[in-house]
Amino acid sequence: MPDLLPTTVVGSYTQPDWLVDRENLRGRLPPRIRAKEMWRIPERFLEAAQDDATLVAIRDLERAGIDIISDGEIRRESYSNRFATALDGIDIDKHGTAIDRTGHANPVPRIAGPIRRTRPVEVRDVQFLRANTDRRIKITIPGPFTMTQQAQNDHYKDDEAAAMDYAAAVNAEIKDLFKAGADVVQLDEPYMQARPDKAKGYAVKAINRAVEGCRGLGTTAVHLCFGYAHIVHDRPSTGYSFLPELEAAHVDQVSIEAAQPNLDLAVLKSLPSKTIILGVIDNGDATIETAETVAARIRKALAVVSAERIVVAPDCGMKYMPRDIAFGKLRAMVDGARIVRRELGRG
């Protein structure tokens, strides 16, 4: 892996048409409860099929030249529901309702009792990924604030209390994910951007509980975004409504979208202790960037953040993209990072 401007992915990669009903996937809000109808494979064959599709994703990420790869989140119906529905205290038979960040009502997990993690959820995913690549690997997990916002709370006195129990569950999972071989564990927290006023109340506190005792086990990251480009088309011109606050989060890296929103990168000055996972691929545009376009986006960040503190990535996950476009964009990203490394004398 290069010692400067390594490349990574945010998490999800394209799931093949033979595995998921992509029309079902694209025609709905990302599911918060289980959505087994999305899978084309009978349940008794599903795990084996997901393993095969995960191998395809791993090889694509390797062929594209990505330095720190994920498993593509191939086994997931959405970035959050696989973990969020596996916890004790969640009624999976009688779901609740919550307003999505798009303003629509969405079926969500219903918190009916104390939230507890009683078993590993993503450990096998990491073990499978570790066994099938010699690259550095990352795994993502929904963050405690976002899971709280994507649930109907019928048990706790307030959302902060729920978030702290979610955080304890995430903390136990993170430690097992590092033990299983993960190099990077990333918390996905898009709702910090969607609901900044609530986030300012307790999101950083919950994140810090989630990563408590993890220093030295591996690299921790938090990702926040404006939502999947397929679902949320507009990015505010004013940029992130919750970002400087993450300087107080006990994570190593902060992952942001910068390409599609054309983010004013001066805001990164407010995160002097963090490595920035810099989004340089616009997931809202089906056009495959040139390597030079990617290089220009990286150079823009270098005016604010040193190259030693930048990891190069797409804006967000690539779940909704056609595979050929996703792969082409990743190749361009790798080539663009290589251009800038050469310019810095580290190529």
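Being under 19 Å from ASP188 (Cα atoms), among the β-branched types (Val, Ile, Thr) and either surrounded by 23 or more Cβ atoms within 10 Å (Cβ to Cβ) or under 19 Å from the mean Cα position of the chain (by Cα) (or both) is true for just one of ILE111, ILE68. Which residue is that? Testing whether each residue is under 19 Å from ASP188 (Cα atoms), among the β-branched types (Val, Ile, Thr) and either surrounded by 23 or more Cβ atoms within 10 Å (Cβ to Cβ) or under 19 Å from the mean Cα position of the chain (by Cα) (or both) leaves just ILE68.
Every residue in segment 55-65 that is of a type in the set (Gly, Ala, Ser) and buried (at least 23 other Cβ atoms within 10 Å of the Cβ), please. ALA57 - this is the single residue of segment 55-65 that is of a type in the set (Gly, Ala, Ser) and buried (at least 23 other Cβ atoms within 10 Å of the Cβ).
The rows are residues; the columns are (1) buried (at least 23 other Cβ atoms within 10 Å of the Cβ); (2) at pLDDT 95 or above; (3) within 21 Å of GLY89 (Cα to Cα); (4) among the aliphatic types (A, V, I, L, M).
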residue	(1), (2), (3), (4)
ARG136	no, yes, no, no
GLN152	no, yes, yes, no
GLY181	no, yes, no, no
GLN186	yes, yes, no, no
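Restricting ILE298, ILE325, ILE288, ILE276 to residues that are outside any loop (DSSP other than H, G, I, E, B) and touching a residue at least 40 places away in the same chain (Cβ under 8 Å) narrows the list to ILE298. Applying the condition of being more than 21 Å from ASP71 (Cβ to Cβ) and among the hydrophobic types (A, V, I, L, M, F, W, C) to segment 144-168 and asking which residue is nearest to the chain's Cα centre (by Cα) yields PHE145. Test VAL312 against the criterion of being touching a residue at least 60 places away in the same chain (Cβ under 8 Å), β-branched (Val, Ile, Thr), more than 13 Å from VAL9 (Cα to Cα) and crowded, with 24+ Cβ neighbours inside 10 Å, and give yes or no. Against the criterion (touching a residue at least 60 places away in the same chain (Cβ under 8 Å), β-branched (Val, Ile, Thr), more than 13 Å from VAL9 (Cα to Cα) and crowded, with 24+ Cβ neighbours inside 10 Å), VAL312 does not qualify. Do you know which of the residues in segment 38-59 that are more than 18 Å from ASP134 (Cβ to Cβ) and basic (Lys, Arg) is nearest to the chain's Cα centre (by Cα)? Looking at the filtered set, the residue picked out is ARG40.
Just name the residue that is farthest from the chain's Cα centre (by Cα) out of those in segment 257-287 that are of a type in the set (A, V, I, L, M) and over 19 Å from GLY11 (Cα atoms).
Step one: filter segment 257-287 for residues of a type in the set (A, V, I, L, M), giving 258-259, 263, 265-268, 271, 276-278, 280-281, 286.
Now narrow it down to the ones that are over 19 Å from GLY11 (Cα atoms): 263, 265-268, 271.
On the way: LEU263: 19, LEU265: 20, ALA266: 23, VAL267: 21, LEU268: 19, LEU271: 19 Å.
Top of the filtered list is ALA266.
Of all residues in segment 225-250, how many are at pLDDT 95 or above and part of a loop (DSSP other than H, G, I, E, B)? Result for segment 225-250: 2.
With the requirement that a residue be free of Cβ contacts under 8 Å to residues at least 60 places away in the same chain and over 23 Å from MET164 (Cβ atoms), what does segment 98-113 give you? Within segment 98-113, GLY103, ALA105 qualify. Taking the stated definitions as given, is GLN127 of a type in the set (S, T, N, Q), out of contact with any helix residue (DSSP H, G or I) (no Cβ under 9 Å at 6 or more places or on another chain) and farther than 30 Å from ARG101 by Cα? The answer is yes for GLN127. Does segment 285-308 contain any residue that is of a type in the set (A, V, I, L, M) and under 23 Å from VAL204 (Cβ atoms)? Yes, segment 285-308 contains a residue that is of a type in the set (A, V, I, L, M) and under 23 Å from VAL204 (Cβ atoms).
Could you check segment 280-299 and list, in sequence order, the residues that are crowded, with 16+ Cβ neighbours inside 10 Å and over 18 Å from GLY345 (Cβ atoms)? Passing the criteria: VAL280, ILE281, ASP282, ASN283, GLY284, ILE288, GLU289, ALA291, THR293, VAL294, ARG297.
For (1) at pLDDT 95 or above; (2) surrounded by fewer than 21 Cβ atoms within 10 Å (Cβ to Cβ), each residue gets a yes or a no:
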| site | (1), (2) |
| --- | --- |
| GLU73 | yes, no |
| ALA86 | yes, yes |
| ILE92 | no, yes |
| HIS95 | no, yes |
| ALA98 | no, yes |
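The values are calculated or read from the model by the stated rules, or taken from the named source; none is laboratory data. Keep in mind it's a predicted model, so treat the numbers as computed, not measured. Positions of Cβ are backbone-derived with ideal geometry, glycine not excepted, and every protein chain shown enters the neighbour counts.
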